[in-house]
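Please read the structure below before turning to the comments.
The values are calculated or read from the model by the stated rules, or taken from the named source; none is laboratory data. All of these numbers come straight from a predicted model, not from anything done at the bench. Here Cβ is always computed from backbone atoms with ideal geometry, including for glycine, and neighbour counts include all displayed protein chains. Note: accessible area is taken over every heavy atom of the protein model, side chains too, but ligands, DNA and RNA are not part of it. Shrake-Rupley method; radii C 1.70, N 1.55, O 1.52, S 1.80 Å.
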Amino acid sequence: MAPLRKYPVGIQSFEKIRTNGYIYVDKTPLIYKMITEGCPYFLSRPRRFGKSLLCSTLEAVFQGRRELFEAFTTEDGIEQPQLFIATTNWKWQPHPVIRFDFSQERNYTIEALDKLVNFTLAKYEREYGLTPQIGEGSNTRLISIITEAHRQTGRRAVVIVDEYDSFMLHSIGDSELEEGIRRSFSSLFSPLKALDDHLQFVFITGISKFSQMGIFSTLNNLKNISMMPSFETICGITEKELATVLHTDTEQLAQYRGETYDETFAELKRMYDGYHFSRFKSDIYNPFSLFNAFDSGEIGDYWFDSATPSAVIGMLAQMPPIQLTDIDGVTCPAKDFDVPFSSYSKPLPVLYQSGYITIKDYEKDFDEYTLGLPNLEVRKGFANSLYEYVVVAKGIDTNKNALFRAYNQFRLSNHLPPFIEAIKVFYSGIPYYLNEKGEHHYHVILYTLLTAFGADISAEEPSAKGRADIILKMPKGIYVIEIKYDDTADEALRQIDLRGYAEKYRSDGRPITKVGIAFSSKERNITDYKFALEANDLSSLDKGC
């Protein structure tokens, strides 16, 4: 498929996007709101969500580059539309812009940090006629740059810091490195509050909250807009933007896939939507994955592999084992997840701020949030990563691929027994010392694997009288699964009936199958399973093994 338009996959330069004819979804209404309010701002968003592009756009605004925001035709004949901010009364007076970009460095050492800071400071020292003071304190050098830039231009300076926490996230577990990085950052940015008379605007981005480890303890006037409803859509693609600005792109993708527009829109939503950054819960799509899908013609997995820093995975690995059943649907106040990575002992802050879980609901009366996995792309990728920690020890082959093939055959045929037999074979390959954790462990393993396979699955689904272990929705049927440990499959089926787990799905239209699975602590595997069609269906089936 030849792309309909040029998509900015991996491009973070606003100037390059506009002059080379790439699509830019206009975020300047919110940018205009920010710059006219004039506060020092902090914004936290997951990686690959457009923070660097936002920084680049702000830089162009404050450099007074109005021509980039007006309507024009590129050298290749591509018409770029006028952006909102060009219609406002913004003065377009160029300000000195000092930008620190920590997002590109891959060598996370004190030496690399000092080299990057020195390089950035020296660039601006030369720009304003100062002699680079290599070896001097970074704070005094920054003071000299800002005050001299203000003196020479007659306009106050703008400071933009992109991915401030990149080095911090990669120092976790190394207390000496962590302390050294903290000292370097604290020294560099300590003058900002005192220089308020010389500063027009300050903007800082990162993944983790700005108060982490006291880096910005002196800059306590930062306005954290990360969860503010008025700024929740400043990064990412909203559902309205997908339906309007990107309507023709979705149409072309649908034609290429041989689907209707509505079918393709629904699949894009299932894969990439689901992010919410405030209690208002505006639907936000992952921009990196969305543009990759339009560019390649494939609705695939793009964000998880590219946006999962090894430091975050390493951090999670140091914590107690994380189970999808424990985090998907957890309810808590904001103070439990919108906090700095200060102790690194709890998964919620790490998972939320890294983009693996998001806000799913908000209960105003209790000021509580429900958190969960945002979409299918993240569910599959995260479950696949957890597989190594939850299911098997490193280096142990449990023939996961064979189970995946069996799942796909089950998905197409709706024939349950071969899939159950494949699960038994899979469990037989897990060492005994990993299979001695009771019913919940078997439940978690099955749920994690099916999630990694992309199944439409939910765990502990509530009904009027209890919670079903697993609800598995397949194209040709719904399966209500109850798991028993050292008990019988008949007892599992009786519990499904007694507590009415299947009743809430009768209006769906697909056949409902109740499945009872029994595990044995002695055999460490499935020893019995039975299934039966819900009474409203044609007949009952009973199959033992």
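With respect to Val425, determine if the residue is at pLDDT below 90 and in contact with a helix residue (DSSP H, G or I) (Cβ under 8 Å, 6 or more places away or on another chain).
Spelling it out, Val425 is indeed at pLDDT below 90 and in contact with a helix residue (DSSP H, G or I) (Cβ under 8 Å, 6 or more places away or on another chain).
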Test: residue in the stretch 60-74 that is among the acidic types (Asp, Glu), part of a loop (DSSP other than H, G, I, E, B) and either modelled with pLDDT under 95 or in contact with an Asp or Glu (Cβ under 8 Å, 6 or more places away or on another chain) (or both): no
Matching residues in the stretch 81-102 - criterion: being open to solvent by 20 Å² or more (accessible area, probe 1.4 Å), farther than 28 Å from Arg151 by Cβ and either part of a loop (DSSP other than H, G, I, E, B) or aliphatic (A, V, I, L, M) (or both): Pro81, Gln82, Thr88
Subset of the stretch 462-483 [assigned to a strand (DSSP E or B), of a type outside the set (A, V, I, L, M) and modelled with pLDDT under 90]: Pro462, Ser463, Gly466, Arg467, Asp469
Selection status of Thr73, touching a strand residue (DSSP E or B) at 6+ places or on another chain (Cβ under 9 Å), hydroxyl-bearing (Ser, Thr, Tyr) and open to solvent by 50 Å² or more (accessible area, probe 1.4 Å): yes
Candidate set from the stretch 478-509 (those that are small (Gly, Ala, Ser) and on the phi > 0 side of the Ramachandran plot); member that is most open to solvent (accessible area, probe 1.4 Å): Gly509
Some residue of the stretch 145-161 being in contact with a helix residue (DSSP H, G or I) (Cβ under 8 Å, 6 or more places away or on another chain), at pLDDT below 95 and of a type outside the set (A, V, I, L, M): no
Boolean, Ala243 is within 21 Å of the chain's Cα centre (by Cα), exposed (fewer than 15 other Cβ atoms within 10 Å of the Cβ), modelled with pLDDT of 95 or more and not basic (Lys, Arg): no
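Could you run through the stretch 334-371 and say how many residues are crowded, with 18+ Cβ neighbours inside 10 Å and at pLDDT 90 or above?
Filtering the stretch 334-371 for residues crowded, with 18+ Cβ neighbours inside 10 Å gives 337-341, 347, 349-360, 369, 371.
Imposing the further condition that a residue be at pLDDT 90 or above reduces the set to 357-360, 369, 371.
Residues meeting the conditions: 6.
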Matching residues in the stretch 135-154 - criterion: being surrounded by fewer than 16 Cβ atoms within 10 Å (Cβ to Cβ) and of a type in the set (D, E, K, R): Glu136, Arg151
Count - residues of the stretch 454-476 that are on the phi > 0 side of the Ramachandran plot and in contact with a strand residue (DSSP E or B) (Cβ under 9 Å, 6 or more places away or on another chain): 1
Qualifying residue in the stretch 41-51 (condition: basic (Lys, Arg), under 30 Å from Val9 (Cβ atoms), open to solvent by less than 50 Å² (accessible area, probe 1.4 Å) and modelled with pLDDT of 90 or more): yes
Of the criteria (1) within 19 Å of Phe453 (Cβ to Cβ); (2) at pLDDT below 90, which one Pro374 fails: (2)
Residues of the stretch 494-506 satisfying the condition of being over 33 Å from the mean Cα position of the chain (by Cα) and either part of a helix (DSSP H, G or I) or more than 13 Å from Arg467 (Cβ to Cβ) (or both): Arg494, Gln495, Ile496, Asp497, Leu498, Glu503, Arg506
Any hit, the stretch 12-24, residues being in contact with a helix residue (DSSP H, G or I) (Cβ under 6 Å, 6 or more places away or on another chain), buried (at least 18 other Cβ atoms within 10 Å of the Cβ), closer than 19 Å to Ile160 by Cα and polar (S, T, N, Q): yes
The stretch 320-333 - residue that is more than 16 Å from Thr451 (Cβ to Cβ) and open to solvent by 30 Å² or more (accessible area, probe 1.4 Å) and, of those, modelled with the lowest pLDDT: Pro320
Qualifying residue in the stretch 480-489 (condition: within 29 Å of the chain's Cα centre (by Cα) and of a type in the set (A, V, I, L, M, F, W, C)): no
Any hit, the stretch 125-134, residues being open to solvent by less than 20 Å² (accessible area, probe 1.4 Å) and touching a residue at least 40 places away in the same chain (Cβ under 8 Å): no
When residues of the stretch 241-260 are limited to those that are without any contact (Cβ under 8 Å) to a residue 12 or more places away in the chain and of a type in the set (Ser, Thr, Tyr), the one nearest to Glu368 (Cα to Cα): Thr244
Residue in the stretch 27-44 that is in contact with a helix residue (DSSP H, G or I) (Cβ under 6 Å, 6 or more places away or on another chain), assigned to a loop (DSSP other than H, G, I, E, B) and under 23 Å from Phe288 (Cβ atoms) present: no
All positions within the stretch 412-427 that are open to solvent by 30 Å² or more (accessible area, probe 1.4 Å) and touching a strand residue (DSSP E or B) at 6+ places or on another chain (Cβ under 6 Å): Asn414, Lys424
Scan of the stretch 265-286 for residues that are touching a residue at least 60 places away in the same chain (Cβ under 8 Å), under 20 Å from Pro349 (Cα atoms) and not in a loop (DSSP other than H, G, I, E, B), ordered by number: Tyr275
